[in-house]
Amino acid sequence: MMVTESNIDEEIEIAWKERTNNLRKSYYIALSLLEEAETVGYQKGIAGACKVLGYCYWRFSDYASSLSFSLRAIEIYQKLKDKEGEADALNSVGAVYMFQKEHQKRLACNLECLRLRTEIKDLEGVASTQNNIGETYLEMGDLENAIKWLNIGLKNPHADPTNIAWLNYNLGRIYNIKKKVALALDYLYKALNISQQINYQVLVSESLLEIADIYLKDDYTNKALEAIEKALHTAEDIGAKEYIEKSYLLLSNIHEKKKNYKKALLFYKKYSKIHAELFNEKTEQQIKDIYYQYKINKVNRTIDIERLKSKELKKAYDKIELQKKVIELKNEEFVDSVTYARKIQRAFLQNPIIDNKKEYKTFLVFKPKDIVSGDFYWLGKYENYLYIVVGDCTGHGVPGAFLTMLGITHINEILSHNSTILPNKIIEILREKIINDIAQTESHRDGMDISIARINLTDLSVDWAGAKNPLWIIRKGSNKIEVITGDKQSVCYTEEPEPFTNHRMKLSKDDIIYLFTDGINDQFGGEKGKKLGRKRFKEILLKHKDKPMIEQKSHLVFEYENWKGSQEQVDDMCILGYKL
């Protein structure tokens, strides 16, 4: 079934709603949608998936990833002028600041969120933000302002059950601090009951832990133990490390009170281990690095805009704008035609995750420089073999796109006649067909660089051949990339054509192969405007090699965009990873 923008929008809405009662389901839906939205270049879909992932990673206590995805969502939403989406993603950024105990920064996020939601009349969202502001004041120790904002939220007629549950929970925390036990338990049990009714697992866990803390202080150890065990079970079920950590610490305290020192030590060790994972210098530095790079990119864009606005360029700029409008009018019909051509090209390009939705064995990064692409990818299963192809045709845009369709058509034809043919033979036949198709001569050498792998799905042996493009392999447990170099000739007219080389290798389950064009390596960016290069590309792949393939793709795209910053994309880009 063809993926449409409306399909993606509907699924993102489901994932966003699902986050409160089934965090893992929300997470996996968003990962899949990010893959689909990026494949078709749908910016709103990319932002929506990143927004959901930013929230999920926050709840999973992976704060660096949460910040990465949330900032990416905000950047796209700002370009789209989607204030609702921007406000939602901004909440997750504020949550990361809460983790860092940078309460003034979180308050600034809260107030900006309140402004956005008030402006678009998102009344339920306003109630949620009122709770967040109250919670921030609570974390700052300003209980007076915290109570004020939380009560404003409770009186808000537009507060939904989720908001009401949070407001009661935070008021319960405040009265626990004030040692007004009866009042604290009243608010906390209200929060717990509402959370259970709406199946809001995150808040069920939080409410139970706060209730357990009160019982423990009053020496009701059995009641405290019962509440903590329920909280821990819920936290483990949704993968919320922050609440698992709290549960272990409280369990250690309980067993210490019961003079069961062996169990107390056991749970304290568990607490210490997960605490070290959550709070370490590396995590905090990752968060700072991500935000720093984001700010640099924003500053660079601002400088570019201000330069255009300078007085010296004002007249030239106005003239260029007038010429631009004339050109746009003249080319409107042409652009419409090319846009339709993109639909035709996309129909030729198969979805690489179509046969492995459950396992996510592949990831695809496909980013054309223009409306249509000179890069292409192709996957096909014939008998017991899976063929994977990534190609880079001469040029980009319309000429390159025509060549991609010729290439895909011929590959289909070649395999229809010989379903077990070796990759090097496919390239040799493809070269003959391309030369004949466009009557190539010594002065006319359009063609393609290509990489073709044939995977034996039974014994995991791989045959591979490449025209200029390489094959990269990361074997399971290895910290190095194995490089197989392609032949130094393209698929085009050559005075003295040489046979292409077939490389055979034995791989194992969970080894990963990467086929790609040179678009990512040639991208200018970074602080000095240099090419990203193969060394940096390898470092990115190795850094994320142990993550699921769909997550590898998300991190790769994020790091590429950070590197590119405000620079123009220099070439089409296609990267396809496959995990055996």
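Read-outs: derived from the displayed coordinates by stated rules, not from any lab. Given the structure is predicted, the values throughout are model-derived calculations rather than measurements. Here the Cβ is made from the backbone with ideal geometry for all residues, glycine too, and neighbour counts use every protein chain on show.
Worth pointing out:
- Computed from backbone phi, the HN-Hα couplings of the range 566-571 come to 8, 6, 6, 5, 8, 7 Hz, rounded to whole numbers (Karplus: 6.51 cos²θ - 1.76 cosθ + 1.60, θ = phi - 60°; Gly and Pro given as x).
- Viscosity 0.692 mPa s, temperature 37 °C, Stokes-Einstein D of the range 468-563 from Kirkwood C-alpha radius, µm²/s: 215 µm²/s
- Between amide H atoms placed 1.01 Å from N, distances below 5 Å from GLY519 occur with CYS574, all of them 5 or more places distant or on a separate chain.
- Burial order of peptide ranges 13-19, 249-255, 514-520 (average beta-carbon count within 10 Å, highest first): 514-520, 249-255, 13-19
- Reduced Cα scattering model of the range 99-232, Debye log10 I(q)/I(0), q = 0.15 Å⁻¹: -0.72
- Put simply, the range 16-145 fits an ellipsoid with semi-axes of 25, 16, 13 Å; these come from the alpha carbon gyration tensor as the roots of five times its eigenvalues, largest first.
- Karplus 3J(HN,Hα) series, Hz, for the range 244-257 with 6.51 cos²θ - 1.76 cosθ + 1.60 (x for Gly, Pro): 4, 4, 4, 4, 4, 5, 5, 5, 4, 5, 4, 5, 5, 5
- Karplus-derived HN-Hα couplings along the range 78-89 (A = 6.51, B = -1.76, C = 1.60, θ = phi - 60°), whole Hz, x at Gly and Pro: 5, 5, 7, 6, 9, 6, 5, x, 4, 5, 4, 5
- Each 10 Å bin from zero holds the following percent of Cα-Cα pairs in the range 350-579: 8, 33, 38, 19, 3, 0.
- Close amide H contacts of TYR382 (hydrogens built in the peptide plane, cut-off under 5 Å, sequence separation of 5 or more or a different chain): TYR387.
- Lysine pair count for the range 36-136 (Cα-Cα distance under 16 Å; residues 8 or more apart in sequence or on different chains): 8.
- THR4-LYS531 pseudo-label distance in nm [points 7 Å out on the Cα-to-Cβ vector]: 4.3 nm
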